[in-house]
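Only one structure is covered here, and it is reproduced in the block below.
We did not get these values from a lab; they are worked out from the coordinates using the rules stated. Since we're looking at a predicted model, the values are computed, not measured. So basically every Cβ, Gly included, is an ideal-geometry build from the backbone, and we count neighbours across all protein chains shown.
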Amino acid sequence: MKVLMFRRTRPALLAAVVALGMTVFGAAGATSPAAAASFPNVVVPVPVSESANGSTFTLGSAATLTADDGGVGGYLAGILRASTGYALPLAVGATTPGTIALSLSGAPSTVGAEGYQLTITGSSVRIQANSASGLFHGVQTFLQLLPAKVMSPTAVTSVAWKATGGTIVDYPRYEHRGAMLDVARHFFTVAQVKHYIDELSLYKVNYLHLHLSDDQGWRIAINSWPNLAAYGGSTEVGGGAGGYYTQADYAAIVNYAASHYMTVVPEIDTPGHTNAALASYASLNCNGVAPPLYTGTDVGFSSLCTSLPLTYTFLDQVVGELAALTPGPYIHIGGDEASSTTQSDYVSFIDQVQQIVADHGKAVMGWHNIAAATLAPSTVAQFWDTNNSNSALAAAAATGTKIIMSPANHAYLDMKYNSKTPLGQNWAGYVDVNKAYGWDPGNYLTGISSSAIAGVEAPLWSETLVTSANIDYMAFPRLPALMELGWSPESTHSQSAFDARLGAQGPRWHAMGVNYYKSTQVKWPTGS
Ligand code: TNX
C-alpha cells in the first residue's frame, strides 16, 4: 500500500486517499513521521476542525474525572465505568482538573451555545464549552475517538483505551437537528422512547418530535378529554392493544430528553389524521356520529369538523394541557394530507389553530402544507415532499418563515433501503445511505434562500414498525447521515469519506446491541 502511495503524484495521492475515505495522514505519514499525526476519519458528524498533535492518550485504571456539570460528568462516567470497569471517580466543580476534565470555561467564543473544544494530550482530556449541551456534544466526540467497545454495557478487559491526541473545535451548522418518532401508528413504551433517545444523542440530535396522534391512535392522556387516550389509544395498526402515555409518562420522556440535551416537540396532527379523536367523541363529528376505530394504513380520510365551534374548544384544551407539560418552544399541529378538508376551510382552520397555540405561549411547527395559510412570524414549516419546489412555501420563506428540511426521498427513515428491505414503505422511493446523505439542506428548495433553513429532521413513521429492533434497523445507519448534514459544515461534504467514517460506527452499534442495517454502500471495517 505504502509503495503504491509513494509512486503517485501528490494530487493523485490525495484523490486516492479521499476515495479510500481516509484523512490525509496516510499521505504525509509516508514521508515524515512528525507530520504523520492526524485524527482517524471516525467521528460522525465530522467536526468543523481537527488538528492532531502526535500524542496518544490512554485511559488507565487510575484515571479521574472532573466536571463543571454533574449531569454530563455522570453521563460520561456511566459509559466509561461500564465498559472499562475502572472506578473513574467523578468530582463535580473541582478546581484541579482530573485526567478527563469537562469545563464550562475557556472555550473559544466561536463554538457558540452548542459547540465545544476537545483537547487530547498524552496524559489528559479537556472538553471546554459554553454550556452543558456543548460539553455533552464534546463527550460524544471523545467517545467516538476511543475504541468501539467503549460503548459496551459490560466490562471489556482486552482493550487498550487509546485516543488520538490533538484539538477539535466544533459547532453545529444548524440550530435544529431533529428526529421524529411516530408513536401513533404503533405505540412505543416510555422505555423504548428512552432507548431511542440514548441512540439519537450519540449523533448530536437536539430535538425529539413525537407524533402523538393519528388515525390509528391517540397517545397522550388529556384530562379534559379522557376518552382520547382511554378509547382512542386502545389500538394501533394491525389491531394490537396500542397504549398511551399518562401525563407523568410524558413528563418522564421530556425530562429524559432534556438530560440528553434534546427538546421534545409534541405533535397533535390536525385537521386530518384525526380518526382516533373522532372515534373517541361523537360530538367532534359534523354529523354527531363517531366513526369506528381504525387499524389500517390509509391516509387522508379523516378531518376534524372545521365549522364546529367545539373543535376549537377541544383544541384549546388539548393544546393548553400539552403546552403546560412541554418546556420546549413548539407545539406541532401537523397539517399534512388534509385531503378531506376543503382548501378554504383548511386555511381558516390553520389560522385559528395558530392563534390557539400562541395563546398558550408556544410557537407552531407544522408540515409544510400549512404555508397555504398566513403564517405567524414564529411558525416553522417542515418540508416533507419529494419534489424540490413549493411556491406557497417559497412565498412564506420570503416573508421570514423558517423551514425544517425532511424531504421524504432523502430524510424519511421509514422508506425501504431497497426492494428487499422487509420493513418500511416505498412511496417516496428507496433511500439507501448515499441517498440519505447526498443532498444539501441549505441549497435544495428552488427559490428559497439558505438563510430560511433552520435545520433538518429525520422522521420515522411506524406503520410497519413494532419493536425497538425495527426502529434500529430503519434509523441506523441513515439517522447519523442526516445528522451529519445538520451539524457539519457543507465544505466537509464527501460521500466516500463519509461512507468510511460511518463504517466506523458499525462496531460501536455492535457493542451496544443496535440492530443496524449493513448497507453495502458503507465501508464497514473488516470483521465488524
Ligand atoms: C406520509 S408526509 C405521512 C405520514 C405517513 C408517511 C409514511 C407526512 C407528513 N405524512 O402520515 O405515515 O407518509 O411514509
Under 22 Å between alpha carbons, and skipping anything fewer than 8 positions from LYS420 in its own chain: which lysines qualify?
LYS435, LYS518, LYS523
Residue separation between SER340 and LYS420 times 0.36 nm, minus their alpha-carbon distance, gives in nm 25.4 nm
Please list the equivalent ellipsoid semi-axes of region 127-279, computed as the square roots of five times the alpha-carbon gyration tensor eigenvalues, in descending order and whole angstrom.
37, 17, 12
Potential extension, ASP359-ALA113 segment - 0.36 nm per residue separation minus Cα distance
85.7 nm
For HIS195 and GLN317, what is the calculated FRET efficiency with R₀ set at 30 Å and r taken between the beta-carbons, to the nearest 0.05?
0.40
Measure nothing fancy, just the Cα-based angle from helix 132-145's long axis to the longest principal axis of the chain, in degrees from 0 to 90, nearest 10.
50
Taking just the C-alpha trace of region 176-487, give me its Rg and Dmax in Å.
17.9, 50
Residue-wise, which Karplus ³J(HN,Hα) couplings in Hz belong to region 476-493, taking 6.51 cos²θ - 1.76 cosθ + 1.60, θ = phi - 60°, and x for glycine or proline?
10, x, 7, 3, x, 4, 5, 6, 5, 5, x, 9, 7, x, 4, 5, 8, 5
Expected vector for region 460-468, Karplus 3J(HN,Hα) from phi with 6.51, -1.76, 1.60 and θ = phi - 60°, integer Hz, x for Gly and Pro, equals 10, 7, 10, 3, 10, 10, 10, 10, 5
Relative contact order, percent, the chain [alpha-carbon distance under 8 Å, six or more residues apart]
14
Amide hydrogen neighbours beyond the local backbone of SER55, cut-off 5 Å, H modeled
GLY165
Residues whose built amide H sits under 5 Å from the amide H of ALA458, excluding neighbours closer than 5 in sequence, are GLY178, ALA179, MET180
Over its alpha-carbon atoms, region 311-460 yields an Rg and a Dmax in Å of 16.3, 48
Would you please put 329-336, 350-357, 482-489 in order of how densely packed they are, using the mean number of other Cβ atoms within 10 angstrom per residue and starting with the highest?
482-489, 329-336, 350-357
Return an integer: the convex hull volume of the alpha-carbon atoms of the chain, in Å³ per residue.
149
So if each residue of separation counts as 0.36 nm, and I subtract the Cα-Cα distance between THR492 and SER124, what length gain in nm does that give?
129.7 nm
Rg/Rg_ref, region 345-392, where Rg_ref = 2.2 N^0.38 Å and atoms are Cα
1.16
Give the relative contact order (percent, whole number) for region 176-487; include only Cα pairs under 8 Å separated by 6+ residues.
18
Taking amide H atoms as placed 1.01 Å from N in the peptide plane, list the residues 5 or more away in sequence, or in a different chain, whose amide H sits under 5 Å from that of SER302.
HIS273, THR274
